[in-house]
1. Could you list, in sequence order, all residues of the range 437-459 that are open to solvent by 60 Å² or more (accessible area, probe 1.4 Å) and either β-branched (V, I, T) or part of a loop (DSSP other than H, G, I, E, B) (or both)?
2. Please name all residue pairs, on different chains or six or more residues apart, with Cβ atoms under 7 Å, provided the first residue is in the range 79-91 and is within 16 Å of I113 (Cβ to Cβ) and without any contact (Cβ under 8 Å) to a residue 12 or more places away in the chain and the second residue is of a type in the set (V, I, T) and open to solvent by less than 90 Å² (accessible area, probe 1.4 Å).
3. Could you check, for the range 123-136, whether at least one of its residues is within 17 Å of N21 (Cβ to Cβ), open to solvent by 30 Å² or more (accessible area, probe 1.4 Å) and under 38 Å from the mean Cα position of the chain (by Cα)?
4. Collect the residues in the range 380-391 that are in a loop (DSSP other than H, G, I, E, B), modelled with pLDDT under 95 and touching a helix residue (DSSP H, G or I) at 6+ places or on another chain (Cβ under 6 Å), keeping them in residue-number order.
5. When the residues of the range 72-100 are filtered to those that are in a loop (DSSP other than H, G, I, E, B) and either touching a Phe, Trp or Tyr at 6+ places or on another chain (Cβ under 9 Å) or of a type in the set (K, R) (or both), which remaining residue is surrounded by the most Cβ atoms within 10 Å (Cβ to Cβ)?
6. Which of the residues that make up the range 146-171 are among the polar types (S, T, N, Q) and either more than 23 Å from L237 (Cα to Cα) or surrounded by 12 or more Cβ atoms within 10 Å (Cβ to Cβ) (or both)?
7. Here is a list of conditions, (1) open to solvent by less than 90 Å² (accessible area, probe 1.4 Å); (2) in contact with a Pro (Cβ under 9 Å, 6 or more places away or on another chain); (3) in a helix (DSSP H, G or I), and S189 meets all of them except one; can you say which number that is?
8. When the range 309-334 is examined, which residues are found to be touching a strand residue (DSSP E or B) at 6+ places or on another chain (Cβ under 6 Å) and open to solvent by 30 Å² or more (accessible area, probe 1.4 Å)?
Amino acid sequence: MNGMTAKELQAWLRTQFPKENERHEWKEWRSLKQNISGRKGEDLVSYVAALANMDGGCVVIGAQDRTLEVTGIQDFADYTAENVVHRILGKTPGLPSMRLRIEELEASDTGAIVWLVQVPRHAPRQPVLAHDKAWQRDGDSLTELREDRLKAILTEVIAGQDWSARVSSRASLTDLDPVAIAKAREKFSAKHQQERWAPDIARWSTAEFLNRAKITLHGEMTYTALLLLGLPESVALLTPSVAEITWKVPSERIAKHFGPPFVLTTTEVGQHIRNPNIKLFPDTELLAIELPRYDNQVVLEGLHNCLAHQDYEQAARIVVLETPGRLQLTSRGGFVDGNPEDYFTGNRTPSVYRNPWLAQAMNNIGMIDKGGYGIRDMVASQRKRYLPLPDYEGSTPIETIFNIYGQAIDENYSKLLIERSDLPLEQVIWLDRVQKKHRIGNDQAAILRSAKLIEGRKPNFFVTAHVADATNTRPEYTRNKGLNDHYYKTLILQHIKQFKSVSVLEVRSLLLDKLPDSLTPIQKQAKVKNLLTALRMSGLEGQKIVATHQGKGGRWTLLKP
């Protein structure tokens, strides 16, 4: 970077450090005399501690605030880029020394000198102090480290430490539920049916199966075994840790608690969640779609993720909060590896787990995915159901909140998903943020606007209402939306009149290529069922139908007046 003029250096700084935030700090200090270690909360060591207590970053010294115009350091006192490192380390207990460095840049035309103080991230579970306080950035100034951030640091994952792999010396096979063991073996067999040793699984003893599935460790009972397979009363062996899922419906003052064996009870939690069929676009017969409020697989995947990543040392329960149109799953401990959005496309693979032994066991018996596809699959499911994507809004460094939506937020978004099944997933994610009134980047907004998918002005964008015109695909629009129910009902009645009685399979075959292309095979079957029910209950132009037999062999005929 040396060799640049002051203007070139300013431009480079603006690209590298575009704004002040928790990672970048600008200081115009012309003198270092009182600014390296001087007034607490305002000097360099305080800012180094603040950046280190987040994710590390850089302090730019010798550039004007906001503009980053290069003014240069003019009075170095007795400091050099080499010796100031030792001064900082001496004043910031807990700061890792290996990655703290200072880079000195000089403008070729003015000789102005700028320092880039590269600050490392704090060591695991060790906040960095300056002036005997731990600091963090709050707006344009520093404040003492807030309790939630301090707790997040103190409970961070440390490589080689795994709560779930701990062995309970008081536990034995008699503390495990035989039904849960049988279920785990069944799921393990299904997961590994292609392995050359798959035929032997049924002949393994219980002890061998648990070892092979990495539920026990050398035949000893791990906390993982007690969580997944333990009898309800075995939870006492985990004390002081808590192993409990609470399902709660505040509007009805209902709450129920579920404990081990979680290989069975997570399904029970899912069965308690209200999951009636809902209708999208009920006022528009052309678009009306009926589907369950929640995808059971998404609910289970979310619950299992909570179990796998919960910080059990915090002695907190997992909470499933059911509110109108939304489920909120809360687990203790921040998101471990990266940001949740990194996993939406399935391109990122997790490299770190809070509970590696538990995650491995849950993967072995098919409860979670370890390839980074679990979140992607939940996102894909909501997209196919034309509902808002799941998200992690409300999460903090000390707890993870997973939101599953069971009703539309913006009908234009749902209509757009029906119409444009070809949209790249990234654009669907951006549109989802728009409908939830969350901010999107300027580049993202430009792409969506050029595709005529959003309207409005920043930050008040909204999903376009003119779907067919916006996409220039009116023929596809009709194929995806389908025809109205009157047309389908008329076809069914004509078919029954011609052949006297027909089966459900015949009706499906009749309508299959006429139903909207946007419906999945299961949704098409549900649509046929709804049409037959409507003809039985209400009829069409005075003509009703009746089922002559029930079950698979059931047939439909005209109801005689």
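The values are calculated or read from the model by the stated rules, or taken from the named source; none is laboratory data. None of the values given here were measured: they were computed from a predicted structure. Here Cβ is always computed from backbone atoms with ideal geometry, including for glycine, and neighbour counts include all displayed protein chains. For accessibility, only protein heavy atoms count, side chains too; no ligands or nucleic acids. Shrake-Rupley method; radii C 1.70, N 1.55, O 1.52, S 1.80 Å.
1. Across the range 437-459, the qualifying residues are K437, R439, I447, K452, R457, K458, P459.
2. If the second residue must be of a type in the set (V, I, T) and open to solvent by less than 90 Å² (accessible area, probe 1.4 Å), no pairs are left.
3. no
4. Hit for the range 380-391 is Y386, nothing else.
5. I73
6. Step one: filter the range 146-171 for residues among the polar types (S, T, N, Q), giving 155, 161, 164, 168-169.
Across the range 146-171, the qualifying residues are T155, Q161, S164, S168.
7. Answer for S189: the failing condition is (2).
8. Q314, R317, V319, L321, R326, Q328, R332, listed by residue number.
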